[in-house]
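Undergrad: Here it is: the structure, laid out below.
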Amino acid sequence: MTSLLEELLSCCSASQKIQLPWLIINSLFAIATQILKYLLKFVTHTSSLTFFFLFIVNLLDSRTVMGDLGWIAYPKNGWEEIGEVDENYAPIHTYQVCKVMEQNQNNWLLTSWISNQGASRIFIELKFTLRDCNSLPGGLGTCKETFNMYYFESDDEDGRNIRENQYIKIDTIAADESFTELDLGDRVMKLNTEVRDVGPLTKKGFYLAFQDVGACIALVSVRVYYKKCPSVVRNLARFPDTITGADSSQLLEVSGVCVNHSVTDEAPKMHCSAEGEWLVPIGKCLCKAGYEEKNNTCQVCRPGFFKASPHSPSCSKCPPHSYTLDEASTSCLCEEHYFRRESDPPTMACTRPPSAPRSAISNVNETSVFLEWIPPADTGGRKDVSYYIACKKCNSHSVNGVSDQNPGARQFVSVNVTTNQAAPSPVSSVKKGKITKNSISLSWQEPDRPNGIILEYEIKYFEKDQETSYTIIKSKETMITADGLKPGSAYVFQIRARTAAGYGGFSRRFEFETSPVSVAASSDQSQIPIIVVSVTVGVILLAVVIGFLLSGRRCGYSKAKQDPEEEKMHFHNGHIKLPGVRTYIDPHTYEDPNQAVHEFAKEIEASCITIERVIGAGEFGEVCSGRLKLQGKREFPVAIKTLKVGYTEKQRRDFLGEASIMGQFDHPNIIHLEGVVTKSKPVMIVTEYMENGSLDTFLKKNDGQFTVIQLVGMLRGIASGMKYLSDMGYVHRDLAARNILINSNLVCKVSDFGLSRVLEDDPEAAYTTRGGKIPIRWTAPEAIAFRKFTSASDVWSYGIVMWEVMSYGERPYWEMTNQDVIKAVEEGYRLPSPMDCPAALYQLMLDCWQKDRNSRPKFDEIVSMLDKLIRNPSSLKTLVNASSRVSNLLVEHSPVGSGAYRSVGEWLEAIKMGRYTEIFMENGYSSMDAVAQVTLEDLRRLGVTLVGHQKKIMNSLQEMKVQLVNGMVPL
Ligand code: ACK
């Protein structure tokens, strides 16, 4: 066959071709048939590749139809079916027509009726060869190089006899590869493949028709298909097979159904794109109590294991002294003689009642009784042992014993008391007198209401935090000296008065400190009236109580490092008072930072952690990846931050401060804390593992590779996390793409919650004139100028993150100095839109960068706005147009004129497209002048198939052409 074709093409001089047209034309069919045998192998091979994508559903594939296709050709001598079979004797349904010598051709080929199976947009893939007219002998004026494709919709098969003019044209089809280009010697058999889509379809099916008007064509295969998003389980919700929408840019919002044994946490939704991809998952289901997640299903907890709530991550082994024999247990039963109080969490061990308090002694004093005892020898495994004192009228016998089977049961002693007189009111005013390193002198005034003659005072004191070991002094005077005390130590005093009616209540606690060894006792200090101290302490207590009442929080709302006006603002906005919304507690408000860590973070045993490799360096030590295996749970990957050896106490505090903050948050877009290791070294913070690392690096690595919807999905996640933080009353202060982590599902999570992080940790942070250290490029002007950090300044930073995301990790303000950035922003200039940025997103960025912080959108508004854009993606189609994007630009930040590049390689490297240098050079684009002529079509031909890369190159060329300088846009 090769020789026949070569012979045919090489033998013919121009004159011979004129003389021998019929020979050539007649030979075409013979050649075509030979070629088809080769092509068939090729087609069969490529078809298996095509079917690899499961989201494509074929409605017709002419290659797989074994019998008659039932297509009709008219006129009869137009399209002809080649009666060939392949090597497996399966028919090759190939139609050809080659009436290039005859005038006025109008040859139709009609398919049989094709059901659209409910799809409203279908795709037609044609594989064909087409003869290049130039390669035919001259004089063939009627030769065409195109054919037309039509369709006609009908609900049934009756529409076959309709007139030609009732068909609707889909397109004129031309060939990329002409027939003569087939290099049969090397067997580079390139078929033309063209795909067209049609929609919206409104009937049950349709016919296709191919019209030839005088070309030489062999139609090798016709495949008709639609696309769907295949049924998938994501976040424990099942999303059904979903046929893509009629519009090529439409995203269908699809609700998921929670898989068996799971319940809705937040209504699960995803979006089915026109390409058959699932995008932007929102919400999730959780395995219900008694079930845990395994491979996207909810598996029952085995006997001996339980899960109390959907929010617990997995089944846990029954705690000590408890068991369950059933599957799907939501709690475990206590073993015999062990109990659980109603208020005990199901994760707590079952406990026994305590043994009796020991050595109880009573001291009856006229009308009152003083009781003392030693705690029980066996507390039954509980820490919350308390004592219950019952006062009964009875005949002087006392009762000791366990009151019931409750582990919280108490022992008590009862004594008769008769009184008809009120006891004295508590002593309220206490002054300290002389203080030495071993003694403290006190004086006080009689109670306001003695209710009788005061017989004596009882003074109880103990070293601060050592309440179990105290001393009692009795005195008839209103002053005493407590001696034998430790130097430089704080002591707590309480005083009460006794009359014939018995003892009154103890005064509140007064705290005084002995002098240190080296310092002589301060007699001046001794003169300071205790009342002043009392009032100060009282005022602080009052403030805490008011804070407690206003914020509705258990531990009081105090943010030592946060601005008071900001708190007020939160109150006015109702953020921290929203019912059901917890508020963030600044670990600084804890006197002992260790207490904060243990309140908010679980302690993990180092033996449960396997460190696998170092993935980066943090400010306090290395960051590693590894695995965590907790008892009764599956092993799972984690990230581990370590505290380097030789740390100072402050470094340890700051390091663990991040865990105290992170541990308070529970949100899918906030990095999740697994726990801390503080009882062994190295000290570690263990968090969930985010496979794709930090967002800025990830975007730079995958430049141009995401759809706008995917980028908006990332931004939506970050905004949702930030909304949660601002609702909690937490101001991040260092929101930037480098502080966002991204996992394998492209879910973004806010991270980096260091206490003094902004001051020390961030390499981007620079010292300001006021001495603070601030990441200038990401920070709102008011926060730079007067440290006004609020959720509104976080919104500014969010705008910068949007810009980073839409420009695939570009550095904000490029290489401008921090000082220039501050000045430009202050003068009203703002970053220009990233390339190809939807106008709606750039407008949102500009809104975030409003000078007046009250005019910036709130995070909940940002989330709603992004949701709206995701639901209606055509709103993302309007891009910021290239000329307006750069027309007001001020600051030159990169060389863009074609003269700025010395070579094609240098240019491609500069726009990070260096991988294409060789292809450009090989295809004759070896100078910048040649490159300037490149079209999108050329790029595709060169094999630049990624749309992001095409855009990058075309945009750069566009910029070179207009010789613009880039910079910032004044507002
Ligand atoms: O960009 P990266 O790979 O992502 O490099 C930094 C490095 O550690 C220092 O911070 C990575 N990293 C931090 N936390 C996590 C995490 N939870 N999961 C995965 N990588 C993390 C970060």
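Undergrad: Taking segment 844-866, which residues are open to solvent by 70 Å² or more (accessible area, probe 1.4 Å) and more than 22 Å from the chain's Cα centre (by Cα)?
TA: If the condition is that a residue be open to solvent by 70 Å² or more (accessible area, probe 1.4 Å) and more than 22 Å from the chain's Cα centre (by Cα), then Lys851, Asp852, Asn854 are the ones that fit.
Undergrad: Scan segment 216-233 and tell me whether some residue there is over 30 Å from Ile114 (Cα atoms), touching a Leu at 6+ places or on another chain (Cβ under 6 Å) and part of a strand (DSSP E or B). Write out each step before concluding.
TA: So in segment 216-233, the residues over 30 Å from Ile114 (Cα atoms) come out as 233.
Now restrict to residues that are touching a Leu at 6+ places or on another chain (Cβ under 6 Å): none.
Checking segment 216-233: not a single residue is over 30 Å from Ile114 (Cα atoms), touching a Leu at 6+ places or on another chain (Cβ under 6 Å) and part of a strand (DSSP E or B).
Undergrad: Lys723 passes all but one of (1) open to solvent by less than 20 Å² (accessible area, probe 1.4 Å); (2) assigned to a helix (DSSP H, G or I); which number fails?
TA: Of everything listed in (1) open to solvent by less than 20 Å² (accessible area, probe 1.4 Å); (2) assigned to a helix (DSSP H, G or I), Lys723 misses just condition (1).
Undergrad: Here's something else I'd like to know. With the condition kept exactly as written, say whether any residue in segment 633-651 is among the acidic types (Asp, Glu), within 10 Å of the ligand (Cβ to nearest atom) and open to solvent by 20 Å² or more (accessible area, probe 1.4 Å). Spell out how you get there, then give the answer.
TA: Taking segment 633-651 first, the residues among the acidic types (Asp, Glu) are 635, 649.
Still in the running and within 10 Å of the ligand (Cβ to nearest atom): none.
No - not one qualifying residue is present in segment 633-651.
Undergrad: Can you confirm whether segment 131-149 contains a residue that is over 30 Å from Gly245 (Cα atoms), at pLDDT 90 or above and not basic (Lys, Arg)? Spell out how you get there, then give the answer.
TA: At the first step, the residues of segment 131-149 found to be over 30 Å from Gly245 (Cα atoms) are 131-146.
Checking the rest, the ones that are also at pLDDT 90 or above come to 146.
Next, only the ones that are not basic (Lys, Arg) stay: 146.
So far as segment 131-149 goes, yes, one or more of its residues are over 30 Å from Gly245 (Cα atoms), at pLDDT 90 or above and not basic (Lys, Arg).
Undergrad: Within segment 457-489, how many residues are in a strand (DSSP E or B) and either closer than 14 Å to Ser439 by Cα or open to solvent by less than 70 Å² (accessible area, probe 1.4 Å) (or both)? Spell out how you get there, then give the answer.
TA: Residues of segment 457-489 that are in a strand (DSSP E or B), as a first pass: 457-463, 470-475, 479-482.
This time we only want the ones that are either closer than 14 Å to Ser439 by Cα or open to solvent by less than 70 Å² (accessible area, probe 1.4 Å) (or both), so: 457-463, 471-473, 475, 479-482.
Qualifying residue count, segment 457-489: 15.
Undergrad: Only one of these conditions is not met by Asn669: (1) farther than 30 Å from Ser875 by Cα; (2) away from the ligand (no atom under 13 Å from the Cβ); (3) of a type in the set (S, T, N, Q); (4) crowded, with 18+ Cβ neighbours inside 10 Å. Which number is it?
TA: (1) is the only condition that Asn669 fails.
Undergrad: Limited to segment 247-275, what total is found for residues that are of a type in the set (S, T, N, Q), part of a loop (DSSP other than H, G, I, E, B) and open to solvent by 40 Å² or more (accessible area, probe 1.4 Å)? Don't jump to the end; show me each part of the working.
TA: Step one: filter segment 247-275 for residues of a type in the set (S, T, N, Q), giving 248-250, 255, 260, 262, 264, 273.
Next cut, part of a loop (DSSP other than H, G, I, E, B) only: 248-250, 260, 273.
Then drop every residue that is not open to solvent by 40 Å² or more (accessible area, probe 1.4 Å), which leaves 248, 250, 260.
Adding up the residues that qualify gives 3.
Undergrad: Of the conditions (1) in contact with a helix residue (DSSP H, G or I) (Cβ under 7 Å, 6 or more places away or on another chain); (2) more than 16 Å from the ligand (Cβ to nearest atom), Ala606 clears all except one; give me its number.
TA: (1)
Undergrad: Between a first residue in segment 123-136 that is without any contact (Cβ under 8 Å) to a residue 12 or more places away in the chain and a second residue that is surrounded by 18 or more Cβ atoms within 10 Å (Cβ to Cβ), which pairs have beta carbons less than 6 Å apart while being 6 or more apart in sequence or on different chains?
TA: Between residues of segment 123-136 that are without any contact (Cβ under 8 Å) to a residue 12 or more places away in the chain and residues that are surrounded by 18 or more Cβ atoms within 10 Å (Cβ to Cβ), there is no close pair.
Results for (1) at pLDDT below 95; (2) surrounded by 23 or more Cβ atoms within 10 Å (Cβ to Cβ); (3) near the ligand (Cβ under 10 Å from one of its atoms); (4) not in a loop (DSSP other than H, G, I, E, B), shown as yes or no for each residue.
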| site | (1), (2), (3), (4) |
| --- | --- |
| Ile685 | no, yes, yes, yes |
| Asp696 | no, no, yes, yes |
| Gln705 | yes, no, no, no |
| Ile709 | yes, no, no, yes |
| Ile718 | no, yes, no, yes |
| Tyr730 | yes, yes, no, no |
| Arg733 | yes, yes, no, no |
| Ser744 | yes, no, no, no |
| Phe753 | yes, yes, no, no |
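Undergrad: Specify which of the listed residues (Glu658, Glu674, Glu691) is within 16 Å of the ligand (Cβ to nearest atom), in a loop (DSSP other than H, G, I, E, B) and under 22 Å from the mean Cα position of the chain (by Cα).
TA: On the way: Glu658 fails: in a loop (DSSP other than H, G, I, E, B); Glu674 fails: in a loop (DSSP other than H, G, I, E, B).
Just one listed residue meets the conditions, Glu691.
Undergrad: Go through segment 336-358 and give me each residue that's open to solvent by less than 70 Å² (accessible area, probe 1.4 Å) and either of a type in the set (Ser, Thr, Tyr) or within 23 Å of Tyr291 (Cα to Cα) (or both).
TA: Of everything in segment 336-358, those that are open to solvent by less than 70 Å² (accessible area, probe 1.4 Å) and either of a type in the set (Ser, Thr, Tyr) or within 23 Å of Tyr291 (Cα to Cα) (or both) turn out to be Tyr338, Arg340, Asp344, Pro345, Pro346, Met348, Ala349, Cys350, Thr351, Ser355.
Undergrad: Let me ask another. Report whether or not Phe620 is within 15 Å of the ligand (Cβ to nearest atom) and either open to solvent by 20 Å² or more (accessible area, probe 1.4 Å) or on the phi > 0 side of the Ramachandran plot (or both). Working first, answer last.
TA: On the way: within 15 Å of the ligand (Cβ to nearest atom): yes; either open to solvent by 20 Å² or more (accessible area, probe 1.4 Å) or on the phi > 0 side of the Ramachandran plot (or both): yes.
Yes; evaluated as a whole, the condition is true for this residue.
Undergrad: When the residues of segment 234-246 are filtered to those that are touching a Gly at 6+ places or on another chain (Cβ under 8 Å) and not in a strand (DSSP E or B), which remaining residue is nearest to Ser120 (Cα to Cα)? Break it down into steps so the answer makes sense when it comes.
TA: Within segment 234-246, the first condition is being touching a Gly at 6+ places or on another chain (Cβ under 8 Å), and the residues that meet it are 234-235, 237-239, 243-244, 246.
Right, trim to not in a strand (DSSP E or B) and you get 235, 244, 246.
Numbers: Asn235: 29, Thr244: 8, Ala246: 5 Å.
So the residue we want is Ala246.
Undergrad: Give Asn669, Asn594 a once-over and let me know the one that is in contact with a strand residue (DSSP E or B) (Cβ under 7 Å, 6 or more places away or on another chain), among the polar types (S, T, N, Q) and touching a residue at least 60 places away in the same chain (Cβ under 8 Å). Give the steps one after another, and end with the answer.
TA: Details: Asn594 fails: in contact with a strand residue (DSSP E or B) (Cβ under 7 Å, 6 or more places away or on another chain).
Matching residue, one of Asn669, Asn594: Asn669.
The values are calculated or read from the model by the stated rules, or taken from the named source; none is laboratory data. This is a predicted model, so every value here is computed, not measured. Note: ideal-geometry Cβ built from the backbone for every residue, glycine included; neighbour counts use all protein chains shown. The protein model used for the area step is the full one, side chains on, heavy atoms only, and it has no ligands, DNA or RNA in it. Shrake-Rupley method; radii C 1.70, N 1.55, O 1.52, S 1.80 Å.
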